[in-house]
Amino acid sequence: MRDVSPILRSIGLTDSEINTYLAALEGGPQTVIDITKRTNLSRQAVYIAIESLTKRGLTFPQRLNYFAG
């Protein structure tokens, strides 16, 4: 699979946003805890990344506490 990180970085995403976004794409709907385990980021970093990605329209809450890319 091609590394899309440079493309995502070029549109202004941070490393934590990129890791969170790719984990959401790969894992489908999942909790913040699941994303935290996949990315090795703190829960706070994942919540901040999800908030930013949601504002950009790249992720969205599916149900309470579940997010998808």
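The values are calculated or read from the model by the stated rules, or taken from the named source; none is laboratory data. Keep in mind that what you see is a predicted model, and the values were worked out from it rather than measured. Using ideal geometry, Cβ is built from the backbone for each residue, glycine included, and neighbour counts are taken over all protein chains shown. Side chains included, ligands, DNA and RNA excluded: accessible areas come from the protein's heavy atoms. Shrake-Rupley method; radii C 1.70, N 1.55, O 1.52, S 1.80 Å.
So the values come out like this:
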{"quantity": "Selection count, region 23-35, where residues are surrounded by fewer than 19 Cβ atoms within 10 Å (Cβ to Cβ), within 15 Å of LEU58 (Cα to Cα) and out of contact with any Asp or Glu (no Cβ under 9 Å at 6 or more places or on another chain)", "calculated": "4"}
{"quantity": "So ARG38, is it out of contact with any Phe, Trp or Tyr (no Cβ under 7 Å at 6 or more places or on another chain), exposed (fewer than 14 other Cβ atoms within 10 Å of the Cβ) and without any contact (Cβ under 8 Å) to a residue 24 or more places away in the chain", "calculated": "no"}
{"quantity": "Matching residues, region 41-69, being at pLDDT below 90, of a type in the set (Ser, Thr, Tyr) and open to solvent by less than 40 Å² (accessible area, probe 1.4 Å)", "calculated": "THR59"}
{"quantity": "Top-ranked residue of region 1-22 - restricted to ones that are open to solvent by less than 30 Å² (accessible area, probe 1.4 Å) and closer than 17 Å to LYS55 by Cβ, ranked as nearest to the chain's Cα centre (by Cα)", "calculated": "THR20"}
